[in-house]
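Below is one structure, written out as structure tokens, with a few remarks after it.
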Amino acid sequence: MNRKRLLLIAGLAVACLAAWLVLRNGADRDKPLKLYGNVDIREVELSFRVPGRVAEVRVDEGDTVRAGDVLAVLDAQRYRDALAKAVGDRDVAAANMSKFHAGYRLEEVAQARAMVAQVEAQVENAARIARRREELLKSGAISAQERDDAVASRDALLAQLQSARKGLQLQASGFRAEEVLGAEAALRSAEASVAAAMTDLADTEIIAPSDGQVLSRVREPGAMASAGANVLVLSLNKPVWVRAYVPEPSLGKVHLGMRVNVITDSRPDKPYSGTVGFISPVAEFTPKNVETEALRTDLVYRLRIVVDNPDQGIRQGMPVTVTAAAESAAAPPAAAPLSSTPPAPSAPSAMTGDATAAAAAAGKAAGAQPDTPAAVAKGDAESKAAASGKPDASSKATPKAKTSAKTSASSGASAKADASARAAKPAPASTPEARTAAGGAQ
């Protein structure tokens, strides 16, 4: 007996729990969209791209900066010297290229031409000497060696004449094309060195990339900073993003471009307007830093909400509440696709259908008859008779008939009361619409 009672109690508890879960889910679906999140902190770690000694840090933690402000400076003397050297090398390369483009000077060409004329004169003289010694050799006045020396001198001068003429042609035609191209390439390399030196010199300053506020000051003047080492941490003012999370059951209520209200604890009566700009396609578990009313481990989807009109009242990192704007809540995100199948008729609510069925069953059990025109007319006549104080003809009956009528009336009243009681009890909801109606009625 005790075991049956325990099983009965356990079954009732399970049924109550299931009913509570169904009612709670229906109530959650009907609730307006309400999300929780934090204002995203967008930080920029600022550093020098070149190493050196920090000469000056012009801002402190908490200072507000504007885009283009110089925040910190390195000792740039070595970079100025490197730039000066690069500029000198570039000038040398430019002069060399100009020389190759201009070719040889006129004086150099004239000098080569004069050298040709000189050698030609020497060749003519050597040729005359060689002819005379040839004649003398025939008469026996000189030896053959003397004649050979004169011929060799003439041949050597002829070779010099050929060399002088080629030199003149070279001077007249200018430098080779390869030499000109090499000079141009050397100039481009020197110009690139100048640009690199100028970039290094410019990198000795840290310039604010955007409007923001200094969060951290990592290096102080006099400290050595390597390339890429953090010097300042800047928090950007715009754009202001809110990172919120939507539970999986409410994912269908959110869409891209949806207008929302961002509410802060300091100004709950003056919400900020925003737009849903990103919905994560990947589900995740609720982060531990989200200040919800009841932290759960349900799956959620991350949202990014862009605040339209941020001011000093909304700070980065602060917790906020996100609700759907009125126009977004009223309008669906997209129209349903057209279908050739006609829509099914909407089912009546579970409360109404079950109450009607219970009343019909109670009426059948009590033997109640439907309201016919005769019955309606009889009821109207009785009402008029009661109002005038005169008995109606139908009310005249024998005592036995009166007793039977009283018994039938009391039975009908009891049946109607039972039907009303059964109709007042909520029927189990079998469809989402029925569960929603049942949750709203309770």
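Here, each number is a calculation from the coordinates, and none is a lab measurement. The structure presented is a predicted model; accordingly, all values stated were derived computationally and were not measured. Cβ placement follows ideal geometry from the backbone for every residue including glycine, while neighbour counts extend to all protein chains displayed.
Details
- Modelled spin-label separation between ARG315 and ALA177, with each label point placed 7 Å from Cα along the Cα-to-Cβ direction: 7.2 nm.
- The Cβ shell under 13 Å around ILE129 holds other residues with a net charge of -1, Lys and Arg each +1, Asp and Glu each -1.
- Proximal charge balance of GLY167 [Cβ under 13 Å; K/R count +1, D/E count -1]: +2
- Net lengthening on full extension, ALA192/VAL92 (0.36 nm per residue, minus Cα-Cα): 34.6 nm
- Inter-label distance, nm, simple model (7 Å from Cα along the C-beta direction), ALA185/GLN111: 2.9
- For the stretch 62-108 versus the stretch 186-252, the inter-centroid distance based on Cα atoms is 25 Å.
- Label-point separation, MET224 to GLU205 (7 Å along Cα→Cβ), nm: 2.6
- Taking a sphere under 10 Å around the Cβ of SER273 and counting the other residues whose Cβ falls inside, with K and R at +1 and D and E at -1, yields a net charge of 0.
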